Amino acid sequence: MILVFFLAFFTACEKEENSDFTENEQNGTFATANELIFGETYNAKIDPIMDEDYYKVTASSDVVITVTGEGSLCVRVHCFDQEQIEFFGDDAPDRGETLTKTVSAGEYNGYFYFRVESAYGNDTGTYTVKVE
């Protein structure tokens, strides 16, 4: 019986470590932004048309944001300080490509937000996001 418990516990832990992280809907505002864990890759999607996904990052040093559109999605990323004032905005080079932004610790105080949307208003699709 102890062996069965150990195997069940070990298997549950193993699945947790290998699980995919996904965005939590509804994350379409600053107030409902998903807080991201450093080093984890999140799967997300822009759907329906004009969807905007907000994320919150708490840190005290430089942070690298990597967002990659899948297939036909070209991502646009906007960064905001804790007062919700935009300090960065740019598009990935093309559909299915990656946008990487290093946010300097001098651009925020304790935490900041960023928003992901389609660079082309009528596009939908999936993307990945990671902070390091």
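Every number here is computed from the coordinates shown, using simple stated rules; none is lab data. Quick caveat, the model's predicted, so the values are computed rather than measured. Virtual Cβ from ideal backbone geometry, glycine too; neighbours counted across all protein chains shown.
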| request: Within the range 61-81, which residues have the backbone N less than 18 Å from the label spot 7 Å out from residue 43 along Cα→beta-carbon, could you tell me? | output: 67-73
| query | When the scattering of the range 19-132 is computed by the Debye formula from its Cα atoms alone, each counted once and equally, what is log10 I(q)/I(0) at q = 0.14, 0.16 Å⁻¹? | reply | -0.49, -0.65
| remark: Quick shape check on the range 38-86: root eigenvalues a ≥ b ≥ c of the Cα gyration tensor, a/c under 1.5 is rounded, otherwise prolate if a/b tops b/c, else oblate, and it reads oblate
| Dipole axis of the range 54-132 (+1 Lys, Arg; -1 Asp, Glu on Cβ), positive-most option in 109, 59, 99 | 59
| request: With label points built 7 Å along Cα→Cβ from the Cα atoms of residue 97 and residue 25, find their separation and express it in nm. | output: 2.9
